[in-house]
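Working notes, structure below.
The values are calculated or read from the model by the stated rules, or taken from the named source; none is laboratory data. On a predicted model such as this, the values are computed, not experimentally measured, just so you know. Heads up, the Cβs are rebuilt from the backbone with ideal geometry, glycines too, and the neighbour counts pull from every protein chain shown. Only protein heavy atoms, including side chains, enter the accessible area calculation; ligands, DNA and RNA are left aside. Shrake-Rupley method; radii C 1.70, N 1.55, O 1.52, S 1.80 Å.
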Amino acid sequence: MKTEEENDLPMFEKTMEPDESAAMAQSFMRTKKFVPTRSHPSAPDKPPFETAAGLLAAPIDKLKDMFASFPDESDKTETRI
């Protein structure tokens with residue numbers, strides 16, 4: 001993934017118009033709000049069931065992610081006396 005971010009994406013970016021790149025970035029950020037953040041190997045993988053399962057799993061995953069990162073290190077150090 002690091003190779004893609006450092007090599008492939010910059011080369012791909014050069015081939016696109018700036019407004020096209022901005023539109024794709026905006027679409028990607030919008031899509032990220034609706035997809036699960038964790039893998040679900042037992043989830044269906046055929047439409048329309050994969051879409052429904054993803055839409056149901058995404059909010060639960062995001063809630064798990066919120067609690068997994070709480071409290072962060074700054075909260076832990078603030079509470080120590």
- What Rg and what Dmax come out for the chain when only alpha-carbon atoms are used, in angstroms? 18.2, 55
- Using R₀ = 25 Å, calculate the FRET efficiency as 1/(1 + (r/R₀)^6) where r is the Cβ-Cβ separation of Met24 and Ala53; round to 0.05. 0.45
- What size of dipole, in debye to the nearest 20, comes out for the chain about its Cα centre when the only charges are +1 on Lys and Arg C-beta atoms and -1 on Asp and Glu C-beta atoms? 460
- Quick one: pull the percent of accessible area on the chain belonging to carbon and sulfur, 1.4 Å probe, ligands and nucleic acids left out. 63
- Rounded to the nearest 10 Å², the 1.4 Å probe accessible area of Ser69 is 80
- Task: Extending each Cα 7 Å along its Cβ direction at Ser69 and Thr15, get the distance between those two points in nm, one decimal.
- Result: 3.2
- Straight-line reach from Lys64: which lysines have Cα under 17 Å away, leaving out those fewer than 8 places along the same chain? Lys32, Lys33
